[in-house]
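A short worksheet on the structure shown next.
A short reminder: the numbers here are calculations on the coordinates, not readings from a lab. Predicted model, so just to flag it, every value in this text is computed and none were measured. Positions of Cβ are generated from backbone atoms using ideal geometry, with glycine treated the same way; all protein chains shown enter the neighbour counts.
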Amino acid sequence: MIDEATALQGLAMDQWSGHVREEEAGFFVAASAYTDSALYAREMEQIFETLWVYVGHESEVRHPGEYVTAWMGRQPIIVARTKDGELAGLVNACRHRGTVLCRDGSGSTNAFRCPYHGWTYALDGRLIGITDRKQYPDGLAQQLGGLLRVPHLESYRGLVFAALGSSVPSLDAYLGPIRAHIDLWADGSPGGEYVLRRPHRFRYPGNWKYQVENTVDGYHPRFVHESGFKALSQRLVGESDDEHAPRDLSTEFATEHGLTRGFSGGHSTLERPPGPDEPVVGLARFAPEVFERYSGQLIDRHGAERANNLRVNRHVFIFPNVFLMDVNVRVVHPLAPDLTEVNSYFAEASGVDAEVNSERLLDLQKRLGSTGLVGPDDMEVFARNQTALAAGRPEWLVFSRGIEAEIVDPLGEAVGTYSSETPQRAFWRRWSEIVEAEGREG
Amino acid sequence: MTSEWVTTQRIAIEQFLYREARLLDERRLDEWLGLFTDDGVYWIPFDPKDDPLADPSILYDDSELRFQRVCRLQHGPAYSQMPPSTTLHVVTNIEILGGDESSCEVSTALVVHEVRAGDHRQHGLGYQHVWPARCTYMLRRAEEKFMIDKKTVLLASRALPVPNLTFIL
């Protein structure tokens, strides 16, 4: 006779297990992983509100007093630069009655003051003022300390990550082999740093994991983006300047070229090298003299071989939700099982001609964002997925592409073709480890 | 700029702007392209004081990109406009801010009502959006005709996530 506690535990395991199947026949994911509300809440708790997530960039909080607000799952936080120049991660909630302190996306201040009863906090979260303190028991400020601190906050190459879990691996250990790929992204700025600019923001009526899967999907562009690629290769009548001819992305993406990587931490890459003689870095194409100078700068700083690697059209995925792309950082925010917000930050390179950043920015905007000729068609696919899977049919979705050709090294790094579903399999394996694990990690 | 000039041109300018709106609602996009000068710009900024070559915008179309945008909508398959949006461009509060016989600056209030139907119960379909904006036009006048040198659309909702904006405001 099983006692009730054991029976309930068995039920809990069934509820959280079995969404990812890796077997002889292939790799499959359950439709309910994109629609189930209880599973979504568990993702928020176990992934976003426990493990390392991206919360901002050093360039957004350069000077003491500057802050940005951010979300870790459902938890609003503030990332602030203290008077000592350190970064503090603060829970954006007054310790008195739980009022949000900060409602700007960003700003600069000497202290945070609650609008409800005027309690005041320093940039590092210390409680420095309780209005009319006498009516409280002695020692309340000491007892409370200040705003709850996000227990872990670290940055790497300007990217700021934070974790709410009490015991998590170091950021270094969490990133593991994806660090080398973050370096390849970060090294693309000849002056040594990027400044993230005001984001393009958009939403779609679908689960967050569709955008995550799609951004490292080399299989879809020639289909979904057929109209965008065709249009972008059109010239105005009379334009015959080959130096400024746009790329024919339809032809390019019709060929299997490049590779994917998947890592045991759930991270991945999608990589496509440009042709050797093309004046191209990532997807942006430069006027020859501008390209000469830009690539010259990269060669001077990093040597010819690495400079060539920096020209690769590269998407770097850091589990669970941030992408380092050619010219931008893309952050995927879950809002509900069927609603997602995506924020895309143009990464302005330093130490380059103005024309380089201009070309990078305009290239980004014409393709991606709410008005792009390429990106919006992905949103339609995500909405269609959410519609189709609402009642759980088909029950199993297929992620078996490229399994046979995939090469896995002893450290667990899988390398596949450009259109292989290697990145998606890496994501889902890690997702399963966390979401379907017995007990709470951290 | 004399008030006499404004009086004689006001009606022509208004009719020009109403016609632009109707061309867009009727999806006569080739004719809409023809309203712009060769270096004409269609811009949806975050801040009208921004430099569109250095600062992010919601949209910044020179002639070639405007042409490519229309190509995509006409030749497809543009999934984000399948089914297409139905629009009503409401142009009002037309003020001529300044100018002379060859060019003028006009400010308008624009409200675009957008409906996207199709199988309306599906995610991503069956919606009605309202897009209010302050528009500023630089119009050039040659041979009794107006043309658009610059159309700047300052969306009221520009600080929010911008929904599917693959049709033309």
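Using unit Cβ charges (K, R positive; D, E negative) and no other charged atoms, how large, in debye to the nearest 20, is the dipole of chain A about its Cα centre? Before the final figure, lay out the partial values.
Details: 44 positive and 62 negative charges, 348 e Å.
Value, rounded to 20: 1680 debye.
Kirkwood-based Rg over Rh for the range A:200-240 (C-alpha set), two decimals?
Values: Rg = 14.8 Å, Rh = 12.9 Å.
Rounded to two decimals, Rg over Rh is 1.15.
Shielding of B:66-73 by partners, i.e. mean partner chain Cβ atoms within 10 Å per residue? Show your work: numbers first, answer last.
Values: counts 1, 6, 11, 7, 2, 7, 11, 3.
Taking all residues of B:66-73 together, the mean is 6.
Residue-wise, which Karplus ³J(HN,Hα) couplings in Hz belong to the range A:97-109, taking 6.51 cos²θ - 1.76 cosθ + 1.60, θ = phi - 60°, and x for glycine or proline?
10, x, 7, 5, 7, 10, 10, 8, x, 7, x, 9, 7
Just the C-alpha atoms of the range A:78-154: what Rg/Rh do they give, with Rh taken as the Kirkwood radius?
Here the Rg-to-Rh quotient is 0.96.
Using Cβ contacts closer than 10 Å as the measure, can you line up A:TYR219, A:TYR294 from fewest to most? Please list the in-between numbers first.
Details: A:TYR219 19, A:TYR294 25.
Listing A:TYR219, A:TYR294 from fewest to most nearby Cβ atoms yields A:TYR219, A:TYR294.
Sum -39500 (n - 2.57) across every DSSP H segment of at least 4 residues in the protein assembly as shown, then divide by the residue count to get the 222 nm mean residue ellipticity, nearest 500.
On the way: 17 runs with 169 residues, N = 611.
Using -39500 (n - 2.57) per qualifying helix, the result is -8000 deg cm²/dmol.
List every residue whose amide H lies under 5 Å from the amide H of A:GLY107, counting only residues 5 or more places away in sequence or on a different chain, with H placed 1.01 Å from N in the peptide plane.
Here A:TYR67 satisfy the definition.
Would any residue of the range A:311-345 have its amide N under 20 Å from a label point 7 Å out along Cα→Cβ of A:ARG179? List them or say none.
Within reach of a label on A:ARG179: A:316-324.
Counting Lys and Arg as +1 and Asp and Glu as -1, each charge on the Cβ, what is the dipole of the range A:121-178 about the Cα centre in debye, to the nearest 20? Can you show the working numbers first?
Details: 5 positive and 5 negative charges, 23 e Å.
For this selection, approximately 100 debye.
Take the Cα coordinates of the range A:204-293, assign each an equal point scatterer, and use the Debye formula without solvent to give log10 I(q)/I(0) at q = 0.19 Å⁻¹.
Cα-only, vacuum Debye calculation for the range A:204-293: -1.05.
Highest first, please rank the peptides B:49-57, B:77-85 by the mean number of other Cβ atoms sitting within 10 Å of their residues.
Working: B:49-57: 16.0, B:77-85: 18.4.
The most tightly packed comes first, giving B:77-85, B:49-57.
Ranked by Cβ crowding within 10 angstrom, fewest neighbours first, how are A:THR215, B:THR166, A:THR99 ordered? Working shown, then result.
Values: A:THR215 19, B:THR166 23, A:THR99 14.
Ascending Cβ contact count within 10 Å gives the list A:THR99, A:THR215, B:THR166.
How high is the relative contact order of the range A:59-214, given as a whole-number percent (alpha carbon pairs under 8 Å, six or more residues apart)?
Values: 227 pairs, mean separation 25.1, N = 156.
Relative contact order of the range A:59-214: 16 percent.
Let's test this: bin the Cα-Cα distances of the range A:265-345 at 10 Å from zero up to the farthest pair and state each bin's percent.
Values per bin, smallest distances first: 17, 38, 27, 13, 4.
Pairs of Cα atoms under 8 Å, at least six residues apart: use those to get the relative contact order of the range B:1-101, whole percent. Mind showing how you got there, number by number?
Working: 65 pairs, mean separation 35.1, N = 101.
Averaging sequence separation for qualifying contacts and normalising by length gives 35 percent for the range B:1-101.
As a test of understanding, state the convex hull volume per residue of chain B from its alpha carbons, in Å³.
Details: hull volume 19.8 nm³, N = 169.
Roughly 117 Å³ of hull volume per residue.
Residue farthest toward the positive end of the dipole of chain A, with Cβ of Lys/Arg at +1 and Asp/Glu at -1: which of A:GLY56, A:PHE263, A:TRP208?
A:GLY56
So for the range A:100-234, taking the charge dipole from beta-carbon charges (+1 Lys/Arg, -1 Asp/Glu), which of A:PRO169, A:GLN143, A:CYS102 sits furthest toward the positive end?
A:CYS102
Tell me, what ³J(HN,Hα) does each residue in the range A:202-216 have, in order and in whole Hz, if you take phi through Karplus 6.51 cos²θ - 1.76 cosθ + 1.60 with θ = phi - 60° and put x for Gly and Pro?
Here the 3J(HN,Hα) series is 8, 10, 9, x, x, 5, 4, 6, 5, 5, 4, 5, 5, 5, 10 Hz.
Would you please give the FRET efficiency between B:TRP5 and A:ARG393, computed as 1/(1 + (r/R0)^6) with r the Cβ-Cβ distance and R0 = 60 Å, to the nearest 0.05? Working shown, then result.
Values: r = 67 Å, r/R0 = 1.12.
With a Förster radius of 60 Å, E is 0.35.
Given labels modelled 7 Å from the Cα in the Cβ direction, how far is it in nm from B:VAL115 to B:LYS145?
Between B:VAL115 and B:LYS145, the label points sit 3.4 nm apart.
Subtract the Cα-Cα distance of B:TYR127 and B:GLU31 from 0.36 nm times their separation in residues, and report this length gain in nm to one decimal. Spell out each step's value before the answer.
On the way: separation 96, 0.36 × 96 = 34.56 nm, distance 2.76 nm.
This chain segment gains 31.8 nm when fully extended.
Go through the range B:125-134 residue by residue and turn each phi into a ³J(HN,Hα) via Karplus (6.51, -1.76, 1.60, θ = phi - 60°); whole Hz please, and just put x for glycine and proline.
Each residue's phi maps through the Karplus curve to give 10, x, 10, 10, 10, 10, 10, x, 8, 8 Hz.
Work out the length of the dipole vector of the range A:297-442 about its Cα centre, built from +1 on the beta-carbon of each Lys and Arg and -1 on the beta-carbon of each Asp and Glu, and round it to the nearest 20 debye.
Details: 15 positive and 23 negative charges, 19 e Å.
My answer is approximately 100 debye.
Can you pull the mean other chain C-beta count within 10 Å for peptide A:364-372?
Working: counts 1, 8, 8, 0, 0, 6, 10, 14, 5.
Whole-number average of other-chain Cβ neighbours for A:364-372 is 6.
Using only the Cα atoms of the range A:261-414, construct the convex hull and provide its projected area averaged over every direction, in square nanometres to one decimal.
Details: hull surface 47.2 nm².
Directional mean of the projected Cα hull area for the range A:261-414 stands at 11.8 nm².
Please compute P(r) over all alpha-carbon pairs of the protein assembly as shown, binned at 20 Å starting from zero, and give each bin as a whole-number percent.
18, 48, 29, 5, 0
Pop the C-beta distance of A:ALA38 and A:THR251 into the FRET formula with R0 = 45 Å and round what comes out to the nearest 0.05. Intermediate results must be reported in sequence, preceding the final value.
Numbers: r = 46 Å, r/R0 = 1.02.
According to the calculation, E is roughly 0.45.
Please compute, for peptide A:198-211, the average count of beta-carbon atoms on other protein chains lying within 10 Å of each residue's beta-carbon.
Values: counts 7, 3, 6, 6, 6, 5, 5, 5, 2, 0, 0, 0, 0, 0.
Averaged over the peptide's residues, the number is 3.
Over chain B, what is the relative contact order in whole percent, taking alpha-carbon pairs under 8 Å and six or more residues apart? Show your work: numbers first, answer last.
On the way: 279 pairs, mean separation 39.0, N = 169.
Reported as a whole number, the value is 23 percent.
When A:VAL398, A:VAL224 are ordered from fewest to most other Cβ atoms inside 10 Å of their Cβ, what list results? Can you show the working numbers first?
Details: A:VAL398 12, A:VAL224 21.
By the 10 Å Cβ count, ascending: A:VAL398, A:VAL224.
So what's the convex hull volume per residue for the Cα atoms of the range A:53-96, in Å³?
On the way: hull volume 3.0 nm³, N = 44.
For the range A:53-96, the hull spanned by Cα atoms encloses 69 Å³ per residue.
Roughly what would the spin-label model give for A:LEU144 and A:ALA354, points 7 Å off Cα along C-beta, in nm?
Between A:LEU144 and A:ALA354, the label points sit 5.0 nm apart.
Describe numerically, in nm with one decimal, the distance between label points set 7 Å from Cα along Cα→Cβ at A:LYS134 and at A:LEU411.
Computed distance between label sites A:LYS134 and A:LEU411 equals 6.5 nm.
Lone cysteines in chain A, going by a 4.7 Å Cβ-Cβ cut-off?
A:CYS102
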